[in-house]
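Let me begin by presenting the structure, written as structure tokens, before commenting on it.
The values are calculated or read from the model by the stated rules, or taken from the named source; none is laboratory data. Being a predicted model, the structure only gives us computed values, none of them experimental. Counting neighbours? That spans all protein chains shown, and the Cβs are built from the backbone with ideal geometry, glycine included.
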Amino acid sequence: MTTHEEQVVPARLSTLDRFLPVWILAAMAAGLLLGRLWPGVADVLDAATIGSVSLPIAVGLLVMMYPVLAKVRYDESRRVLADRRLLAASVVLNWVVGPALMFALAWLLLPDLPELRTGLIIVGLARCIAMVLIWNDLACGDREAAAVLVAVNSVFQVLAFGLLGWFYLQVLPGWLGLSTTSAEFSVVTITVSVLVFLGIPLVAGYATRTVGERRWGREAYEAKFLPRIGPWALYGLLFTIVVLFALQGDAVTSSPLDVVRVALPLLVYFVVMFGLGMGAGRLLALGYRRSTTLAFTAAGNNFELAIAVAIGTFGVTSGQALAGVIGPLIEVPVLVALVYVALWMRPAFTRSERSLR
């Protein structure tokens, strides 16, 4: 029997979706070109900041996340919360395995570059609360589960980020006889990041879903309204990429060797975390949709928070900030590729699910 999710897969892979890697490469090139042709663009974009929040990036992320969160059936969240296997696996992967893996990769591959190494460790501590919703949706993951896991990550982010930063930058290196780094993380910066990049689109999406269903009914809301706002998620993603590359393209192109050296542990990290998520989902018999959600929430990182913390703690021209900037530049194309890997793996999960019935 064909499920509703299986029926809508071809419809989701519209022209915009199918050629997403092309659009992302074009957005990267456009950002670099904009930075080159208009040397002052970074200063203009940097000036549009409130506290630790970059307004251009905030606009892009909010436009990107709103349509995805408007698609979530919030009345099904209880079903996700009841799945203790999924919640436990997500917490362990995000807050135990992920930071530990990034710490190990940073020290193994960047032993002679302390600033970039510290920046990578900070990236590993900033769990994803934004773009993961896009990757999960493109890979036909469980939207309701993604919304719940992102909310769980947000709570842990506020409570645990500073403590884990202290542990991985000072305590653990001291135990291992390695050099330590002193850093003070602003709880305000972390909280603001969560509230802006998750709170605003989450409230907007929930309100839209509630009002839309009351006015038109669920069937009409999902059949007529959602397709109209759906493409804006990818428009927001592409806009964000252009802004990121325009802002940091000069720093990236002026330090190509550093980019390559930081890119390698990041590439390993994203692939390993995705593989662990899919493997854990298969082992726990979560099914394709929730396994995919688990994998992407484990692999992604909150780059905006990592960059804001690195700049606020070490300065805008620091190696730590550069590592934070390189993070999303590697993450975006790699996780887009992993969307296609997930879709390629889907038949194997489907056969396994049918064999268990």
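Annotations for the structure displayed:
- Checked against the criterion of being over 17 Å from residue 146 (Cβ atoms) and in a helix (DSSP H, G or I), the candidates 80, 68, 91, 59 yield just one match: 59.
- Number of the condition not met by residue 86 [criteria: (1) assigned to a loop (DSSP other than H, G, I, E, B); (2) surrounded by 23 or more Cβ atoms within 10 Å (Cβ to Cβ)]: (1)
- Counting only helices (runs of 4 or more DSSP H) that sit wholly inside the stretch 253-357, those with at least 2 residues that are more than 24 Å from residue 104 (Cβ to Cβ), under 14 Å from the mean Cα position of the chain (by Cα) and touching a residue at least 40 places away in the same chain (Cβ under 8 Å) are 287-299, 319-356.
- Hits in the stretch 22-47 - residues which are modelled with pLDDT under 80, exposed (fewer than 14 other Cβ atoms within 10 Å of the Cβ) and part of a helix (DSSP H, G or I): 36, 43, 44, 46, 47
- One residue from 132, 68, 123, 91 being surrounded by fewer than 24 Cβ atoms within 10 Å (Cβ to Cβ) and of a type outside the set (Asp, Glu): 91
- Residues that are surrounded by 16 or more Cβ atoms within 10 Å (Cβ to Cβ) and not hydrophobic (A, V, I, L, M, F, W, C), drawn from the stretch 187-198: 189, 193
- Unmet requirement for residue 181, which otherwise passes all of (1) surrounded by fewer than 17 Cβ atoms within 10 Å (Cβ to Cβ); (2) in contact with a Pro (Cβ under 9 Å, 6 or more places away or on another chain): (1)
Here is a yes/no grid of residues against (1) touching a helix residue (DSSP H, G or I) at 6+ places or on another chain (Cβ under 7 Å); (2) among the aromatic types (Phe, Trp, Tyr):
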{"residue": "38", "(1), (2)": "no, yes"}
{"residue": "41", "(1), (2)": "yes, no"}
{"residue": "59", "(1), (2)": "no, no"}
{"residue": "62", "(1), (2)": "yes, no"}
{"residue": "65", "(1), (2)": "yes, no"}
{"residue": "76", "(1), (2)": "yes, no"}
{"residue": "93", "(1), (2)": "yes, no"}
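- Only one of the numbered conditions (1) out of contact with any Gly (no Cβ under 9 Å at 6 or more places or on another chain); (2) over 30 Å from residue 75 (Cα atoms); (3) in a helix (DSSP H, G or I) is violated by residue 210, and that is (2).
- Helices (runs of 4 or more DSSP H) wholly inside the stretch 104-177 that include at least 3 residues being closer than 16 Å to residue 189 by Cβ and modelled with pLDDT under 90: 143-166
- In the set 110, 93, 116, 69, only one residue is under 17 Å from the mean Cα position of the chain (by Cα), among the hydrophobic types (A, V, I, L, M, F, W, C) and closer than 25 Å to residue 178 by Cβ; that residue is 93.
- Residue match in the stretch 5-18 (condition: under 20 Å from residue 333 (Cα atoms), loosely packed, with under 13 Cβ neighbours inside 10 Å and at pLDDT 65 or above): yes
Residues are listed down the side, and each one gets a yes or a no for (1) crowded, with 19+ Cβ neighbours inside 10 Å; (2) among the charged types (D, E, K, R); (3) at pLDDT 90 or above:
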position: 211; (1), (2), (3): no, no, yes
position: 215; (1), (2), (3): no, yes, yes
position: 231; (1), (2), (3): no, no, no
position: 249; (1), (2), (3): yes, no, no
position: 256; (1), (2), (3): no, no, no
